[in-house]
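Contents: one structure, followed by commentary.
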Amino acid sequence: MYYRTIRNDILRNRAITLTIMTFVAAAAMLVSLAAILVVNLSGAIDTLMTQAKTPHLMQMHSGEMDAARLANFVAQHDEIDEYQLLEFLNIDGAQIIFETGSLADSVQDNGVSVQGEKFDFLLDLDGHVIQVADGEIYVPIPYMQQGLAEVGDRVQVAGKEFTVAGFARDSQMNSLLSSSKRFLVSEHDYAEIRAFGSVEYLIEFRLTDLAELGAFELAYTSADLETNGPTLTYPLFKMVNGLADGLMIGVILLISGLVTTVAFLCIRFTLLAKIEEDYREIGVMKAIGLRVADIKKIYIAQYAALAALGSILGLALSFLFRGVLLANIRLYMGESANGSLALLFGISAVLLVFLAIVAYVNGVLRRFRKVSPAEAIRFGIAREKTGGGKLFRLSMKRLLDTNVFLGLKDVLARKKLYATMLAVLVISAFIIIVPQNLHNTVSSNDFITYMGI
């Protein structure tokens, strides 16, 4: 019976069915994509920072450096597992010249560094620790994305010519929102160009227990050591690495929530119209003794079928498009160890959308309890309160055209119906405008300047 009822209803209302399925599929796809991206992003960040052995605490310092005093501080703190002192050579953008042009107009603080001896490794695109030969240079990934460099290109840095051997993943300065970028060269080449830039020291520590980070940071600050620069911690590096893609995921979640709301509103709109159309039949079914729960099952079955079809379609589309959205995460951070778990979360998210729709339909159908069989059979329509329309009478019309007057009277008489339509229009405008404005904000150089590290 349910199959025949569902089939007949779909054939009779093809446009409505297609509209509801479209919104349900879009909501399911976006929710599934958000879940897949969150799990993959989290796993990729953990993998990158583990492979690179990211410092638990890094103090950047410009000026004189007392290495002996630092070594004495390290000797007094058993919680330090490893420490190292790296140099970051700030180079003016005009002195970094690719075959396609220089970085003179770049808002980034570009610099040159050597590979870390103990930790803070720069990785290649396969996740391996880079070993740089003399005459070679590894370029930050963002400049590859911008089309400034390719493998084999010639690059001049402070007057010295290098060959681009590859591109470097940097667990500290990888993010598009980081205001600094490191080029990787050999120790011999670094020594040759050291005099052409300003040296900034990276004082880096890894602890035996990350839980002691707060106490250790306080101890470092209290020891009156070099602090002429920002202090960065492991959680901050993790946050910065995930911020750019996290914003994209946040927008997808926001849009998925809004699309789901539109789907709910469309379902409510069509379901109320269907109830109004079948009002007399509903009264007859109640009059012959059918329980409200049995009557509700007929309608729930129809919308559950639509929700199931839309959810399956949305899940399939999320699997189809996930590769495109994961491309940036894979480029900057590599493969995630949580790939299988991400698929499970995606399926679970779609299941939640389906259950939410069924629960919502069940909630709308509670009005069946208020249906009077005698009234339904007699009038065939629900006799609802329409107090708003009574305030307007045709005899009161003076300035307004008759058609406009009657239109306003109808809107006030059926406020809930038109409020639903207005809500759909407002949410649709929000869906179109907000992502574009957010993209313009994040891609702005001023945003990178204010938010960068």
TODO: Can you confirm whether segment 252-264 contains a residue that is outside any helix (DSSP H, G or I) and more than 30 Å from G43 (Cβ to Cβ)?
DONE: no
Task: Hits in segment 38-57 (condition: in contact with a helix residue (DSSP H, G or I) (Cβ under 8 Å, 6 or more places away or on another chain) and either over 23 Å from L125 (Cα atoms) or not in a helix (DSSP H, G or I) (or both)) - done: T54, P55, H56, L57
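Name every residue in segment 265-308 that is among the basic types (K, R) and under 21 Å from L417 (Cα atoms), in order of residue number.
From segment 265-308, those among the basic types (K, R) are 268, 274, 280, 286, 291, 296-297; that's our starting set.
Once the filter is applied, which keeps residues that are among the basic types (K, R) and under 21 Å from L417 (Cα atoms), segment 265-308 yields R268, K274, R280.
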- [ ] Quickly run through segment 149-178 and pick out the residues that are touching a strand residue (DSSP E or B) at 6+ places or on another chain (Cβ under 6 Å) and under 26 Å from L232 (Cβ atoms).
- [x] V157, G166, F167, A168, R169, D170, M173
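Residue by residue, here is whether (1) more than 28 Å from K296 (Cβ to Cβ); (2) of a type in the set (S, T, N, Q); (3) at pLDDT 65 or above holds:
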position: R378; (1), (2), (3): no, no, no
position: A382; (1), (2), (3): no, no, no
position: R393; (1), (2), (3): yes, no, no
position: S428; (1), (2), (3): yes, yes, yes
position: Q436; (1), (2), (3): yes, yes, yes
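One line per residue, one yes/no per condition, for (1) among the polar types (S, T, N, Q); (2) surrounded by 15 or more Cβ atoms within 10 Å (Cβ to Cβ); (3) under 22 Å from G197 (Cβ atoms):
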site: S62; (1), (2), (3): yes, no, yes
site: F73; (1), (2), (3): no, yes, no
site: D78; (1), (2), (3): no, no, no
site: Y83; (1), (2), (3): no, yes, no
site: L86; (1), (2), (3): no, yes, yes
site: L89; (1), (2), (3): no, yes, yes
site: I96; (1), (2), (3): no, yes, yes
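Going by what's in this entry, would L325 be described as within 22 Å of I431 (Cβ to Cβ) and among the aliphatic types (A, V, I, L, M)?
Values: within 22 Å of I431 (Cβ to Cβ): yes; among the aliphatic types (A, V, I, L, M): yes.
When the stated conditions are applied, L325 passes them.
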- [ ] Could you please find all residues in segment 154-175 being in a loop (DSSP other than H, G, I, E, B) and surrounded by 22 or more Cβ atoms within 10 Å (Cβ to Cβ)?
- [x] D170, S171, Q172, M173, N174, S175
- [ ] Answer yes or no: is there a residue in segment 60-70 that is touching a residue at least 12 places away in the same chain (Cβ under 8 Å) and within 35 Å of the chain's Cα centre (by Cα).
- [x] yes
Open item on the list: Can you name every one of the strands (runs of 3 or more DSSP E) wholly within segment 62-137 that holds 2 or more residues which are in contact with a strand residue (DSSP E or B) (Cβ under 6 Å, 6 or more places away or on another chain) and over 13 Å from V157 (Cβ atoms)?
Closed with: 80-90
TODO: Please specify each residue of segment 105-127 satisfying the condition of being over 32 Å from the mean Cα position of the chain (by Cα) and surrounded by fewer than 17 Cβ atoms within 10 Å (Cβ to Cβ).
DONE: E117, K118
Task: Lone qualifier among L232, L309, L254 - being modelled with pLDDT under 90 and either more than 30 Å from A68 (Cβ to Cβ) or buried (at least 17 other Cβ atoms within 10 Å of the Cβ) (or both) - done: L254
Task: First in segment 316-334 and outside the structural domain of D126 (by TED's automatic domain parsing) and on the phi > 0 side of the Ramachandran plot, second anywhere and modelled with pLDDT of 90 or more and in a loop (DSSP other than H, G, I, E, B), Cβ under 9 Å, 6 or more apart - done: G334/L125; G334/D126; G334/G127
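The values are calculated or read from the model by the stated rules, or taken from the named source; none is laboratory data. No experiment lies behind these values; they were computed from the predicted model shown. Cβ sites come from the backbone with ideal geometry, for glycine too, and all protein chains shown count toward neighbours.
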